[in-house]
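As structure tokens, the structure follows; a few thoughts come after it.
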Amino acid sequence: MTRINLTVDGAKVADDVEPRMLLVQYLREKLGKTGTVIGCDTSNCGACTVHLDGTSVKSCNVLAVQADGSEVTTIEGLAGTYDGGDLHPVQEAFRECHGLQCGFCTPGMIMQTTALLAENPDPSEEEIRLGLEGNLCRCTGYHNIVKAVQHAAAQGQTEGAGS
């Protein structure tokens, strides 16, 4: 076992973990952060996307021990970083624009979107599609997801992105 210390959604945590435990497993199994979805375990789908020290990462591709000393923001913590815990503006844009169907990919899409908008607050449609290409959706055909990102950008709703 290896001792790790990190901050997850603003709370400091310390745990003993197996050196081979994935960050996604740690978040879900040890901390109950089930909004971070296990989709493929191969880093292909992006459903497990979180922010690690402000950078968007697929948490099935990171060992928990690699996150030692880091700050992690999950979909559950994203709202908490904005306006007293209300929905983050990107979450609200996905809701308003019907940027989801089954919802399985939605946490990863939202986390990737906030990172994209932090880097580029006014992306073109092509830049949005390129920015989200590592996140797969099997239901929507991406049309409403792109609309949601455009809506968030048009509203200037990028505060808290990359948190």
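Please treat every number below as a calculation from the coordinates, not as lab data. Quick caveat, the model's predicted, so the values are computed rather than measured. With ideal geometry, Cβ positions are generated from the backbone for all residues, glycine too; neighbour counts draw on all protein chains shown.
Which helices pass in the chain if a helix is a full DSSP H run, must span at least 15 angstrom along its long axis by Cα, and must have mean Kyte-Doolittle hydropathy not below 0.5?
Values: long enough: 106-119 (20 Å, 0.60); 143-154 (16 Å, 0.23).
Those that clear 15 Å and a mean of 0.5 are 106-119.
With R₀ set to 41 Å, the beta-carbon distance separating residue 155 from residue 133 gives a calculated FRET efficiency near 0.95. For residue 12, the lysines whose Cα comes closer than 28 Å to its Cα, not counting residues fewer than 8 places off in the same chain, are 30, 33, 58.
What is the local net charge at residue 13, summed over the other residues whose Cβ is closer than 12 Å to its Cβ (Lys, Arg +1; Asp, Glu -1)? In short, -1.
Only helices enter the 222 nm calculation for the chain: every DSSP H run of n ≥ 4 contributes -39,500 (n - 2.57), and dividing by all residues gives -8500 deg cm²/dmol, rounded to 500. Net charge near residue 36, counting Lys/Arg +1 and Asp/Glu -1 over other residues with Cβ under 9 Å of its Cβ? With Lys, Arg at +1 and Asp, Glu at -1, the neighbours total +1. Checking (i) 25; (ii) 20; (iii) 45 against the coordinates, the calculated percent of Cα pairs over 27 Å apart falls under label (ii).
Do you know the relative contact order of the chain, to the nearest whole percent, from alpha carbon pairs under 8 angstrom that are 6+ apart?
Working: 326 pairs, mean separation 40.5, N = 163.
In percent, rounded to a whole number, it is 25.
Each DSSP beta bridge with both residues in region 2-74 is either parallel or antiparallel, and the antiparallel ones are about 90%. DSSP beta bridges confined to the chain are antiparallel in about 90 percent of cases.
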